[in-house]
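The structure appears right after this line, and notes come after that.
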Amino acid sequence: MRSIQLGRREFITLIGGAAATWPLGARAQPLKNKYRIAVLSVAVDRSPLIRRELFKELSRLGYIEGQNLLVELFSTDGNSERRAEIARDAVRGRPDAMFVVTGPLAQHVKDVSATIPIVCVTSDPIALGLTTSLARPSGNVTGVVVDAGIEGWGKKLQLLKEVAPRANRIGFLARQAVWEGSETPAVVRAVRAAAETTGVDLFGLPVASPMQEADYRRAFEIISTERIEALVIQDAAEYLPYRELIVKLVEKAKVPAVYPYRRFAEAGGLITYAIDEPELYRYAATQIDQIIRGKPIQEIPWYQTRSFQLILNTKAASAIGIEFPPALLVRADEVIE
């Protein structure tokens, strides 16, 4: 077990020629033309990681920004009402490929253009209507899948039960549209099914869009009114700019919580069960490369994440008066002390 250094992640510009080892073998054909890529995300906070991982891998594959690659960045700034707007703006530039973070945003892009190839990061793309098959994508969308379904949510609930065995009233912090089932309904179905299997009662802490500090504070009032004993945070990218606020509100409520991204661990989160985001961005770069080199979307399968990291924060545990079981500490990939 090892500790990690805490601190805010600074914006990192594109670094060319990085010594990566991602397998593809696409450099056999030299690149001679200039290419345009549109990158659409829901939170500005995510851009540094995209540039560091996605474009570092693209650079290794021969795409150098400012030389043979033009990149246009678009963001909803956490406001889901702007999805259609930035989708139209991005498509207007007629890029060779589009990289889109989150399935709902990819849905809007797909609605605007059925021909421009899209690589996206999403939960279940079949449930979202982005494709009919993971092995052979339909339409103009492929990408990487971040949601492990019922099994993944069940794992998070089990982690909470390990640190708080008596906790039976579990809160789920989610975007209001997700909790109500009007957006990505597969997510809330999976969480509810996992809660039923685990034998706990699930309570929604919905946050309306556009997400602001006051909305988070109102959501957390439900913890006291419903006597919630533990909390699961939805894996919504819109939460990342507010991760420090969320962690502070959880600590104030003195309930154990499990978070979806490593950056919550760095902000002081108690338990983080996180996908390996850098791995997914690097793989997405290889999919973009295949598209630019002329491979049909239907021959570029969706990639499902295989790696999750368990990160524990002993300082956060002390702040709410709990101790991690030794068996859980042994299984952790990292322990922040």
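Going by alpha carbons, how many degrees (0 to 90, nearest 10) lie between the helix axis of 213-225 and the longest principal axis of the chain? The answer is roughly 30 degrees. The Cα center of the range 36-95 and the Cα center of the range 241-281 differ in position by 25 Å.
Per the Debye formula with a single identical scatterer at each Cα and no solvent contribution, what log10 I(q)/I(0) holds for the range 147-239 at q = 0.20, 0.26 Å⁻¹? The computed values of log10 I(q)/I(0) come out as -0.95, -1.43.
Leaving out ligands, DNA and RNA, and with a 1.4 Å probe, what % of the accessible surface on the range 223-295 is carbon or sulfur? Provide the component values of the computation, followed by the final result.
Values: 980 of 2230 Å².
Ligands and nucleic acids excluded, carbon and sulfur reach 44 percent.
What is the distance, in nm, between label points placed 7 Å from the Cα along the Cα-to-Cβ direction at Leu329 and at Glu81? Each label point lies 7 Å from its Cα, and together they span 4.9 nm. Averaging over all projection directions, the Cα-based convex hull of the range 277-337 occupies 5.8 nm² in the image plane. Please determine, in degrees from 0 to 90 and to the nearest 10, the orientation of helix 277-292 with respect to the longest principal axis defined by the Cα atoms of the chain, where the helix direction is its Cα long axis. The helix 277-292 is inclined about 20 degrees to the chain. With N the number of residues in the range 30-124, Rg(Cα) / (2.2 N^0.38 Å) evaluates to 1.05. Note on the range 224-328: along the principal axes its Cα atoms extend 56, 32, 22 Å, ordered by decreasing extent. Just check the chain against the gyration tensor rule for me: Cα atoms, a ≥ b ≥ c as the square roots of the eigenvalues, rounded for a/c under 1.5, and otherwise prolate or oblate depending on whether a/b exceeds b/c. Prolate, since a/c reaches 1.5 and a/b exceeds b/c.
Between helix 149-163 and the chain there is an angle of about 30 degrees, using the helix long axis and the longest principal axis of the Cα atoms.
Over the range 113-194, with every protein chain in place, what whole percent of the accessible area is carbon and sulfur at 1.4 Å, could you tell me?
Working: 1620 of 3080 Å².
Result for the range 113-194: 53 percent of the exposed heavy-atom area is carbon or sulfur.
Remark: the range 125-283 carries 38 Å² of accessible area per residue (probe radius 1.4 Å; ligands, DNA and RNA excluded).
To the nearest 20 debye, what charge dipole does the range 193-294 have about its Cα centre, counting +1 at the Cβ of each Lys and Arg and -1 at the Cβ of each Asp and Glu?
220
Within 10 Å, count the other beta carbons around each residue, average over each peptide in 168-176, 211-219, 241-249, 139-147, and list them highest first. Spell out each step's value before the answer.
On the way: 168-176: 21.4, 211-219: 15.1, 241-249: 18.6, 139-147: 23.1.
The peptides rank, most packed first, as 139-147, 168-176, 241-249, 211-219.
About its Cα centre, the chain has a charge dipole of approximately 620 debye under the convention of +1 per Lys or Arg Cβ and -1 per Asp or Glu Cβ, with nothing else charged. Maximal additional length on extending the Arg306-Thr115 stretch stands at 65.8 nm, based on 0.36 nm per residue less the C-alpha distance.
Annotation: Ile292 carries an accessible surface of approximately 30 Å², with a 1.4 Å probe and no ligand, DNA or RNA atoms counted.
Loop-located GluC sites (Glu not before Pro) in the range 253-330 (DSSP state not H, G, I, E or B) with no more than 13 neighbouring Cβ atoms inside 10 Å: Glu323.
Which part of the range 163-181 falls in the paramagnetic zone of Lys254, meaning amide N under 19 Å from the point 7 Å along Cα-to-beta-carbon? Residues passing the 19 Å test: 163-171.
The values are calculated or read from the model by the stated rules, or taken from the named source; none is laboratory data. Keep in mind it's a predicted model, so treat the numbers as computed, not measured. In this analysis, Cβ positions are derived from the backbone assuming ideal geometry, glycine residues included, and neighbour counts consider all displayed protein chains. Please note that ligands, DNA and RNA were not included when accessible areas were found on the heavy atoms of the full protein model with its side chains. Shrake-Rupley method; radii C 1.70, N 1.55, O 1.52, S 1.80 Å.
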